[in-house]
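The values are calculated or read from the model by the stated rules, or taken from the named source; none is laboratory data. What you see is a predicted model, and the numbers here were worked out from it, not measured in a lab. Using ideal geometry, Cβ is built from the backbone for each residue, glycine included, and neighbour counts are taken over all protein chains shown. Ligands, DNA and RNA are excluded from the accessible area calculation, which covers all protein heavy atoms including side chains. Shrake-Rupley method; radii C 1.70, N 1.55, O 1.52, S 1.80 Å.
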Amino acid sequence: MEFSIIIILVLAIALFLAGSSIVKSGSYANKLKKISNLYNEGNLEATMKEINELDPKHKKETFIQWIAANIYYKQQQYILAMAALQTIIDSGSFTKEVNELNVREFLAKVYEETGNYRKAIDEYDIITKVKEQDFDSLFKAGVIAYKYQEWGLVQKYLSLAVSFNDSNPELYFMLADAFFKMRSYHAALQNIGKALALDSENIQYHLLNGEILAASRDFPNAIIELEKAYESNLIENKDNVGLELANSYYEVGNFEKARSCYQKILTKDGIPNEKVVDERYRYAETLVKNKQFEDAVRQWEIIKATRHIYLDVDHKLKTYSSIIANNAFRTALEMDIIDYLEKHFYRILTLNGYIVTDHSRKSDTLVFFVTIKKFGSEGQSYKSTFAMDTSGYPMRQDTVEQFMDYARQYKSAHSFLISIGGFAPNLKFDDTVMIIEPERFEAIIEGVISFSD
């Protein structure tokens, strides 16, 4: 009798548990349906309430984690969204509706929007393998790498992407820019050329082409492209383009256009001087060539105050400040022979009252030496002496006549000497210049002996 009662009790418990399981199973199915409906209706708070009431073992199921990730994302709770997505990936329990590709693309998107670009790129790298390197995934990976200036990864992904689609000019543009930043100028030129072939009107493409050409030291062609960009109203930072253009003009020797471009930009208020030291130095050089000595001095003063990286700035400041204050110095530099003198002039100014250029340097045509003599105990007035030595090598008559023309124009303010040597005994001259013997020439121009000695 007792045994029968025990059996009946066991069966009753079994039936109760089975019934309870059926009820719970039906309850969970209803819960899923309710969660799905609430989410689709946009009732996010009610959806999360239902999810939080689930049995812990159900909360980790793929569908629940997917819904939770979407809700967290919409609520801008990005860390929780990433955690939910990572839970799905770690479990590997993907479904037809929630497959690996969808989960990883969503996770990459969240990483990107939260600034975690390295993890976003890692996800896209996996995506390219999951999708077997299709164009869309490679292009997305390349774009995010480009956005965060990972130039090696840009080259990796977009070089593969272009094999699937060779008619996208923006793809070639990003590739060209990446190669440019990596200093692979040949590859950069190839890709920007393809971008321009597909879209020749895009001014950004012309600008990049000009920058690459300038970096490749093809300055004549760089100028053509940079001028197009500088004249366009579609370029945002025109000052940078203008400075690049000015640098290219400077490199080809067009100092007048270089000076004009530098002046438009470097004389503006608010220019970050620490970023344009090289350009300001070149601007000063063009001002000197244009005989604008005061303006050149102002540029060197700015350079010195900003970031003194040029060793000769102090010399230039000292010399040209003295030139500005003294008419004799100024006249010497304003003469046509400035192109020769300026190479040595600023380096040799001394406090002893006179200067001498490097007289060991000679050219195939004219050789000029200059001595600035001091007059008066205070050293406030100067007189320049220009000399030409013909004793060391043959010289043509028209070269001497050119020197004579200089002398006739400036003889009222300066002295002019000429030494006639054995190589050119028949050269003609007049009393505009003073003749000195070759053996006395060097001593005179160095100030060791005077003209009357």
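Side notes on the structure shown:
- Shown is the FRET efficiency for residue 228 and residue 274, computed with R0 = 30 Å from the Cβ-Cβ distance and rounded to the nearest 0.05: 0.55.
- Spacing of the two label points (7 Å from each Cα toward its C-beta) at residue 215 and residue 165, in nm: 2.5
- Full extension of the chain between residue 397 and residue 74 gives 107.4 nm of extra length, using 0.36 nm per residue less the Cα-Cα distance.
- Heavy-atom accessible area order for 429, 180, largest first, 1.4 Å probe: 429, 180
- Rounded to the nearest 10 Å², the accessible area of residue 27 at probe 1.4 Å: 60
- Using the 1.4 Å probe convention, the accessible area of region 120-274 works out to 49 Å² per residue with neighbouring protein chains retained.
- Label separation (residue 182 vs residue 291): 5.3 nm, computed from points 7 Å beyond Cα along the C-beta direction.
- Separation of alpha-carbon centers, region 205-270 and region 278-302, rounded to whole Å: 18
- Near residue 215: Cβ cut-off under 14 Å, other residues only, Lys/Arg at +1 and Asp/Glu at -1. The net charge is -3.
- Three-way shape call for region 82-157 based on the alpha-carbon gyration tensor, with the a/c threshold at 1.5: oblate
- Once all protein chains are placed together, residue 53 keeps about 100 Å² accessible to a 1.4 angstrom probe.
- Checking every one of the GluC sites (Glu not before Pro) in region 76-149 against DSSP loop status and a limit of 14 other Cβ atoms within 10 Å picks out 97, 132.
- At the residue level, residue 404 shows approximately 10 square angstrom of accessible surface with a 1.4 angstrom probe and all protein chains present.
- Here the gap between residue 113 and residue 301, fully extended at 0.36 nm per residue and compared with their Cα-Cα distance, gives a gain of 63.1 nm.
- For residue 140, neighbours were defined as the other residues whose beta-carbon sits under 12 Å from its Cβ, and their charges (Lys and Arg +1, Asp and Glu -1) total -2.
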